[in-house]
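A.B. asks: Structure incoming, see below.
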């Protein structure tokens, strides 16, 4: 599954520049996946999320193996399309929720964050591979022309929907429109216009004679 030096030289000689970059980046991600697999197999192989991580390892390794060919034939192209679509429709959601559960447990937060990061990077590479082989998929009638323009957008919306389900949505309270009030004297009621504030009358101080005669 790992590319040797000879195959790397062949890739740089035969493949397109964009394909070289994507293949090399996927190869690096697959190395990380295999490293995590071997270091955590004995400890976490009975966990629920390990099943989905094993699927990620198998899927990424199979896609990388197909990309190492000089040119894909019809059978290999269909296989590549099947792997990409299966990852998009079935495996992506399950892997995300499973890896996010590792973070939620609190015991292996660092491992859960690494798994989510690997999933995000591999998903981005799969989107790029899907776009690079768009012409080959069309020739084999695997996808329709109308679907190709919205494939990348739909995959991005899928991840956004996953994040929105985890974080929730902000509910905006309805804004009550403020009514303008004209405080000019012309628009005020007549009863309010005529009324004037009453002046307070001060009581006269009583003198000494008033105290005598009451």
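The values are calculated or read from the model by the stated rules, or taken from the named source; none is laboratory data. Since the model is a prediction, treat every value here as computed from it, not as a measurement. Here Cβ is always computed from backbone atoms with ideal geometry, including for glycine, and neighbour counts include all displayed protein chains.
A.B. asks: What are the residue pairs meeting all of these: first residue in segment 47-67, first residue closer than 16 Å to residue 24 by Cα, second residue not in a helix (DSSP H, G or I), Cβ atoms under 6 Å, and 6 or more apart or on different chains?
C.D. replies: Filtered contacts from segment 47-67: 61/1.
A.B. asks: Taking helices (runs of 4 or more DSSP H) that fall entirely within segment 71-179, which contain at least 1 residues that are within 29 Å of residue 32 (Cα to Cα) and modelled with pLDDT of 95 or more?
C.D. replies: Those helices (runs of 4 or more DSSP H) span 74-86, 92-105, 109-132.
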